[in-house]
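Comments concern the structure below.
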Amino acid sequence: MASDGEGRGDTEMMQQETAPVPALSKKTKQPKECFLIKPKETSEDATKTRKRRKKKITDVLAKSEPKPGTPEDLQKLMKDYFSSNRSVIELEELNLPDSCFLKANDLTHSLSSYLKEICPKWVKLRKNHSEKKSVLMLIICGSAVRALELIRSMTAFRGDSKVMKLFAKHIKVQEQVKLLEKRVVHLGVGTPGRIKELIKQGGLNLNPLKFLVFDWNWRDQKLRRMMDIPEIRKEVFELLEMGVFSLCKSESLKLGLF
């Protein structure tokens, strides 16, 4: 027969074995894997994401190989622009003959070298030009700042030619009209909006014009070309309707894409 001491020992051992295991306190619980849970996107986060996406698009454009503009690009833009308010027959009339297009810049030229290539007889043309209120060559770009850059970059081509700034910044249209009336100008460099206004006011006659060159391939800080900006594109096509189409079809005017 077991002694009372042994009985008590067995009882204590059974109590230890069968005693319930206390639940882990909240403090001792293992942390959940929070990194697997996607936090809710706030409006601020969404805005940041959109901004990042825009930057990525710009990066793609910056890294992509630039493609030089072609006459087909201009023809397509014209059709897209006029398609909303022109009939099919009227759109066909806007098609310009291939013969009115000069060789486009293949992105290897400076402005001076490009102009020398498309107009090798410039000196002779310049000497024979004596009509006021007109120019022999118009170079159209998107801004006054860009126009000044182009004027500085064409010194090797222009020689003794008289060049006129045809943009609105710091120059009143009446002043430009008076200058065109007073002296013979060979080259005009400016924006389509101001050139359009000079034609409207009778300060600029397009009939003696021989070359119309678009600053087509250059891109600004946002990687936009001149024709990528809706306001500029609208001004360009309105200008083309002011006698340029008819001059091109009569083959007295040539178009170039620089």
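The values are calculated or read from the model by the stated rules, or taken from the named source; none is laboratory data. Keep in mind that this is a model prediction, so the values were computed, not measured. As a convention, Cβ positions derive from the backbone with ideal geometry for all residues, glycine included, and neighbour counts pool all protein chains shown. Side chains are part of the model used for accessible areas, which takes the heavy atoms of the whole protein and leaves out ligands, DNA and RNA. Shrake-Rupley method; radii C 1.70, N 1.55, O 1.52, S 1.80 Å.
Within the set of other residues whose C-beta is less than 15 Å from the C-beta of C141, count the net charge using Lys and Arg as +1 and Asp and Glu as -1.
Spelling it out: positives minus negatives among the neighbours equals +4.
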How would region 150-256 be classified by its alpha-carbon gyration tensor: rounded, prolate or oblate, with rounded meaning a/c under 1.5 and the a/b versus b/c comparison settling the rest? rounded
Heavy-atom accessible area per residue - region 68-115, 1.4 Å, Å²: 56 Å²
For region 164-254, give the percent of accessible area contributed by carbon and sulfur heavy atoms, probe 1.4 Å, rounded to a whole number. 50 percent
What is the distance, in nm, between label points placed 7 Å from the Cα along the Cα-to-Cβ direction at K124 and at Q221? 4.6 nm
Pop a pseudo-label 7 angstrom from the Cα along the beta-carbon direction at both S153 and N207 and give the gap in nm to one decimal. 3.5 nm
Length gained when the stretch E175-S87 is fully extended (0.36 nm per residue, less Cα-Cα span): 27.7 nm
Given a 1.4 Å probe, the accessible area of region 125-258 per residue, as a whole number of Å², is 46 Å²
If you average the C-alpha positions of region 120-141 and of region 150-178 separately, how far apart do those two centres end up, in angstrom? 13 Å
Local charge sum around S112 (other residues, Cβ-Cβ under 12 Å, Lys/Arg +1, Asp/Glu -1)? +2
L247 accessible area, nearest 10 Å², 1.4 Å probe? 20 Å²
